[in-house]
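Down below is the structure, laid out as structure tokens.
No value in this document is a laboratory result; all are computed from the given coordinates. These numbers come from a predicted model, not from an experiment. Because the Cβ atoms are built from the backbone with ideal geometry, glycine has one as well, and the counts that use them run over all protein chains shown.
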Amino acid sequence: MRAIDLLNGRLKLRHLVLVVAIADQGSVLRAAEHLRLAQPAVTRSLREVESILAVELFTRGPRGMTPTLFGEAFVEHARSVLAELRRAGERITGLADGAVGTVTIGTLLAGSNVLLPRAIAALKRDRPGITVIVQEATFDVLVPRLMDGEVDLVVSRLNPIDDIPELCQVDLYSEPVRLVARAGHPARSRPDLRLADLLDYPWVLPLQRTALRQELEQVFRDRGLPLPADLVECTSILTVRSLVQDTDTIAALPELVATAGGGIAPLPVPLDQVRRRVGVTMPARRPPTPSARLMLGHLREQAAELSARLSSDGAGRASDGADQAEQGPARR
């Protein structure tokens, strides 16, 4: 196949916008409506792109337009080009006045539901003209968006990225993970409660591909225990909280969530070896936009406050434990 020169002036920016719109909308008609263009104009432009590339980008079927192998490749690059142009425009605007812009943050809300809202609130107080977009997904879904420029930062429990040199990470703070249950859970009445005793109840755990799930499974293995038989896998913090509040479900949650009240509280079963390192994952070779840079600054500030709070709470618990040890075993 002949080499394709896409810099000879035939390929236009509108072609990239159009191809991405068709891929997102799933049909020429919906793409036309989304772009506020006439359908014949969209069809004509699609033919122009396919003529320039000398390949078919989409196939028509009963469920709409499906990208071909060539279409998937071209859409991926088109998204990157459009994202970079959006970033260029924002950067120029941000350099001009620093008052407006957009920052898109990917997150696993179960891993950043305390830090992220506080940082967003601080950013909006500082720069009310900046628009913040939050996209919730698993880490493996967010990484491609981060790499192609659709997402500026990912705020979450840090996941290994040793095999992804295009990314780098900023470590913000460390937080213990606690087992939690509702305030009136029957397990609270058991003397000398152990992890094995909790296998009698339903559990909700993170999805298998998450780092926290792997660490929790290691805890069960180290103690010679099987995973709970009655199990739900979930990463939605709202769903997890509802299950814990309304049923006898056990969950593992970050300490800031576990101690926030709302009808749930930690159980006296330690998970000393499980700690959650919270941080930011971002592109290693692409500088952040002014808005993203401001967001990162507020994330650092709020993380420092949370880290101090966690250290203070930890010292308080250690002091309480020492006092109880001096007084002897508590009465039941």
Q) In the stretch 157-192, what residues are outside any strand (DSSP E or B) and of a type in the set (A, V, I, L, M, F, W, C)? A) L158, I161, I164, A183, A187
Q | Residue list for the stretch 203-221, restricted to those being β-branched (V, I, T) and in a strand (DSSP E or B) | A | V204
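Residues checked against (1) of a type in the set (D, E, K, R); (2) under 20 Å from P266 (Cβ atoms); (3) surrounded by 15 or more Cβ atoms within 10 Å (Cβ to Cβ):
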site	(1), (2), (3)
H185	no, yes, yes
P191	no, yes, no
Q214	no, no, no
F220	no, yes, yes
V240	no, yes, yes
P254	no, yes, yes
**Q.** Within the stretch 222-238, considering residues that are touching a helix residue (DSSP H, G or I) at 6+ places or on another chain (Cβ under 9 Å) and assigned to a helix (DSSP H, G or I), the one surrounded by the fewest Cβ atoms within 10 Å (Cβ to Cβ)
**A.** L238
**Q.** Residue in the stretch 223-234 that is under 25 Å from R309 (Cβ atoms) and in contact with a strand residue (DSSP E or B) (Cβ under 7 Å, 6 or more places away or on another chain) present
**A.** no
Q | Where a residue in the stretch 279-294 is in contact (Cβ under 8 Å) with a residue 12 or more places away in the chain and of a type in the set (G, A, S) and its partner, wherever it lies, is surrounded by fewer than 20 Cβ atoms within 10 Å (Cβ to Cβ) and not in a helix (DSSP H, G or I), with Cβ under 7 Å and at least six apart | A | G279/Q169; G279/V170; G279/D171; A284/P165; A284/E166; A284/L167; A284/C168; S291/T102
Q.
Which residue is farthest from T289 (Cα to Cα), if the candidates are limited to the stretch 119-130 and must be outside any helix (DSSP H, G or I) and free of Cβ contacts under 8 Å to residues at least 60 places away in the same chain?
A. P128
**Q.** Subset tally (residues that are within 26 Å of N8 (Cα to Cα), surrounded by 15 or more Cβ atoms within 10 Å (Cβ to Cβ) and not aromatic (F, W, Y)) for the stretch 44-65
**A.** 9
Q: Taking P165 as the residue in question, decide whether it is closer than 20 Å to T235 by Cβ and more than 13 Å from the chain's Cα centre (by Cα).
A: no
(Q) Condition (residue is surrounded by fewer than 18 Cβ atoms within 10 Å (Cβ to Cβ) and either under 17 Å from L299 (Cβ atoms) or not acidic (D, E) (or both)) applied to the stretch 175-182: is it met by at least one residue? (A) no
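Conditions tested, residue by residue: (1) surrounded by 14 or more Cβ atoms within 10 Å (Cβ to Cβ); (2) touching a Pro at 6+ places or on another chain (Cβ under 8 Å); (3) closer than 19 Å to L216 by Cβ; (4) of a type outside the set (K, R).
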residue: G261; (1), (2), (3), (4): no, no, no, yes
residue: P270; (1), (2), (3), (4): no, no, yes, yes
residue: V274; (1), (2), (3), (4): yes, yes, yes, yes
residue: A284; (1), (2), (3), (4): no, yes, no, yes
Q.
As an exercise: evaluate R125 against (1) more than 24 Å from the chain's Cα centre (by Cα); (2) exposed (fewer than 14 other Cβ atoms within 10 Å of the Cβ); (3) not hydroxyl-bearing (S, T, Y) and give the number of the one condition it does not meet.
A. (1)
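Matching residues to (1) under 24 Å from K124 (Cα atoms); (2) out of contact with any Phe, Trp or Tyr (no Cβ under 8 Å at 6 or more places or on another chain):
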residue: V232; (1), (2): no, no
residue: T235; (1), (2): no, yes
residue: Q273; (1), (2): no, yes
residue: V278; (1), (2): yes, no
residue: A284; (1), (2): no, yes
residue: M295; (1), (2): yes, yes
residue: Q302; (1), (2): yes, yes
Q) In the stretch 198-218, what residues are without any contact (Cβ under 8 Å) to a residue 24 or more places away in the chain and of a type in the set (D, E)? A) D200, E217
Q. What are the pairs, 6+ residues apart or on separate chains, where a residue within the stretch 131-151 that is touching a residue at least 60 places away in the same chain (Cβ under 8 Å) has its Cβ under 6 Å from a residue that is in a loop (DSSP other than H, G, I, E, B) and not hydrophobic (A, V, I, L, M, F, W, C)?
A. F139/N159; M147/E166
